[in-house]
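The values are calculated or read from the model by the stated rules, or taken from the named source; none is laboratory data. Remember, it's a predicted structure, so these values are computed and weren't measured experimentally. Here the Cβ is made from the backbone with ideal geometry for all residues, glycine too, and neighbour counts use every protein chain on show.
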Amino acid sequence: MKIITIANQKGDVGKTTSAVTLAHGLAMTEHRTLLVDLDPQGHVAFALGAEKAPGLYRLIVDEDPIDQVAVQARENLDIIPGDKRTEKAKRTVVISNFPTEILGRILQPADYDVVILDMAPSLDVLHVSALMASDWVIIPTKLDAMAVDGVNEVLRSMGEVVERGHRLGYSILPTFFDRTTRETVVQLQALVDTFKGHVWPPIPQDTHAREAPAYGKSLWEYCSKSPAVMGYGTSLVAGYASTLKRTVEVVCE
Amino acid sequence: MSNNLNRRPAIDPAVADILAGAERKKRIASLPKAERAKARKDAARHKVGLDLPPDLHETLRQIANKEKVSISSLVAFLSQHGVEEYRAGKIALDPHKRLSRCARFEYVLMLDKTCE
């Protein structure tokens, strides 16, 4: 089982959209997938047309087993939904004996091929616990200076985790790629100059990605031919289809 | 130690492709306005280099002049018709095949000497 965390402390960079799209994509490619919402906004359930629920709270505070808390959202795709009680769960984590190991301990018995953790835009104990449990981190980032700074913050947290002897790989996923603005390209070039092969092909800015959650559909269901999925025009080199291929490589490594 | 080592690319090839495209657009944007349209058109063109016998090239040039079209569009037009006839089984390549001395290909196609 591979655990992949989607993280960036900066908000509104496409974490939940990426988590939902990749989780459903993995499920469609026959990987039994669990998507865990660690954000008190509870948008994972919303994006897949399910009800928000205190899933993470039940796992951490009530210590209910995963199979009782997980909700089937699609074929091969279960979710642990979240809601505002996730915030209370965090307080329980803080006062627990081994706060940074709690998620790893909870997820260890899960019977899935892949677990995807959708993080809240913050750097708290749950965040560190998720990194400690993970094999790989995908860091979505908008191509602006502040969001790219968020990438550095996640990498610093990962550095602390690696210092504790945990092996952790990562990829940076540029989102909201707008090929018409020079700043986007400048920031992409800066990311590539710094992080080289860790940078995955970008996700084009696309209104479909904003519309799909309103219908409770993933992008594969709502518009599988959209630029966000297939990339721009004839180049077809970016988009979630190419991100999914790379994520499958990570899962099968 | 295995000799079959594949060095991982420093940059994801798809990302490199996107950056190359952006660099091309930036270069075009820096050109004087009068040259930009031609540069964009050139960038959008799909250019290929193929070997043609000189006498066939000359024949194509003469037909293109006569019909007042470009050689490229004439070759594209005739090639498309040729491909359709090949697919329909109206053109057989086997009678024109000769063994090739080039290691990359098994055969070479002999062209008819009369082009006109």
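Among the residues that make up region A:130-153, is at least one of them in contact with a strand residue (DSSP E or B) (Cβ under 8 Å, 6 or more places away or on another chain), of a type in the set (Asp, Glu) and free of Cβ contacts under 8 Å to residues at least 40 places away in the same chain?
Looking for residues that are in contact with a strand residue (DSSP E or B) (Cβ under 8 Å, 6 or more places away or on another chain), of a type in the set (Asp, Glu) and free of Cβ contacts under 8 Å to residues at least 40 places away in the same chain, one finds none in region A:130-153, hence no.
Return the total of residues in region B:59-96 being part of a helix (DSSP H, G or I) and within 21 Å of residue B:108 (Cβ to Cβ).
12
I'd like to know if region A:52-71 contains one or more residues that are in contact with a Lys or Arg (Cβ under 6 Å, 6 or more places away or on another chain), touching a residue at least 24 places away in the same chain (Cβ under 8 Å), hydrophobic (A, V, I, L, M, F, W, C) and buried (at least 22 other Cβ atoms within 10 Å of the Cβ).
no
For region B:26-54, name all the residues that are under 23 Å from the mean Cα position of the chain (by Cα) and closer than 17 Å to residue A:179 by Cβ.
Passing the criteria: B:40, B:43, B:44.
Of all residues being free of Cβ contacts under 8 Å to residues at least 12 places away in the same chain and either under 21 Å from residue A:16 (Cα atoms) or in a loop (DSSP other than H, G, I, E, B) (or both) in region A:184-210, which is farthest from the other protein chains (Cβ to nearest Cβ)? Just the residue, please.
Among those that are free of Cβ contacts under 8 Å to residues at least 12 places away in the same chain and either under 21 Å from residue A:16 (Cα atoms) or in a loop (DSSP other than H, G, I, E, B) (or both), it is A:210.
From B:60, B:78, B:93, grab the single residue that is touching a strand residue (DSSP E or B) at 6+ places or on another chain (Cβ under 7 Å) and not assigned by TED's automatic domain parsing to the domain that holds residue B:21.
Of the residues listed, the single one that is touching a strand residue (DSSP E or B) at 6+ places or on another chain (Cβ under 7 Å) and not assigned by TED's automatic domain parsing to the domain that holds residue B:21 is B:93.
Out of all the residues in region A:172-183, which are under 22 Å from the mean Cα position of the chain (by Cα), touching a residue at least 40 places away in the same chain (Cβ under 8 Å) and facing chain B (nearest Cβ under 9 Å)?
Answer for region A:172-183, where residues must be under 22 Å from the mean Cα position of the chain (by Cα), touching a residue at least 40 places away in the same chain (Cβ under 8 Å) and facing chain B (nearest Cβ under 9 Å): just A:177.
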